[in-house]
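Nothing in this text is a laboratory measurement; each read-out follows from the coordinates by a stated rule. It should be emphasised that the depicted structure is a prediction, and the values quoted were computed from it without experimental measurement. Glycine also receives a Cβ, built like all others from the backbone with ideal geometry; neighbour counts cover every protein chain displayed.
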């Protein structure tokens with residue numbers, strides 16, 4: 001068998017035989033999986049071909065490892081360099097850190113200077129904290145003004161939803177005119193509140209109490225506006241019920257008039 005592996009062109013034959021044999025093996029497996037006619041025979045042929053290929057590979061000579069250092073002598077020392085690199089990686093973390101600092105030319109003087117700079121930054125931050133204490137009152141005023149601004153924005157959204165509901169009611173019933181007047185009053189009140197809000201923005205710390213009262217009043221107004229929307233819905237339902245009753249009453253009156261005219265005839 002070993003002599004067969006040395007025959008000229010044997011490796012080429014093994015390559016061609018393995019490719020063709022693999023195709024036969026795959027076809028045999030495909031026939032068996034799909035349950036096509038002659039699937040058992042095809043499977044036997046495929047497995048037999050595979051067994052023959054394994055026997056054929058046994059006569060093939062393994063690939064010989066080539067010593068490339070004979071042609072390229074500079075490759076001879078690379079193994080030692082790799083081992084040296086592995087030894088460096090196996091050093092303790094502290095020694096690796098010391099080596100990195102030494103390679104970067106970072107000495108104790110530079111580290112001490114860096115520590116002094118960090119301490120100076122800490123002292124300056126402490127001084128800035130002392131200065132910021134003087135602006136606590138102003139910050140509280142700004143926070144209250146921001147809360148008032150958020151409340152006005154919420155009120156504006158509620159006002160828009162209420163306006164849409166009332167507009168649909170006005171199109172279906174003439175009684176919506178009175179609701180429109182109420183809406184105008186609410187709009188005027190909102191304009192007045194916006195004007196008050198602008199004055200509060202231009203104020204100072206002395207207006208904090210007035211801003212708090214304005215915020216409470218704004219909360220009450222939002223609650224009243226929500227209540228008015230609910231009342232409007234109830235009013236619309238009652239108007240619809242009244243219209244139904246009037247239709248029924250007109251039907252009764254029409255029947256009575258028809259009966260009276262019939263008796264006269």
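Computed quantities for the displayed model
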item: Two-site FRET efficiency, residue 259 against residue 237, from Cβ-Cβ distance with R₀ of 22 Å, rounded to 0.05; result: 0.05
item: Linear extension gain, residue 190 paired with residue 34, 0.36 nm per residue minus alpha-carbon span; result: 48.2 nm
item: Label point distance in nm, residue 198-residue 50, each placed 7 Å from Cα along Cα→Cβ; result: 8.9
item: Compactness of segment 2-58 - radius of gyration and Dmax, Cα, Å; result: 13.6, 43
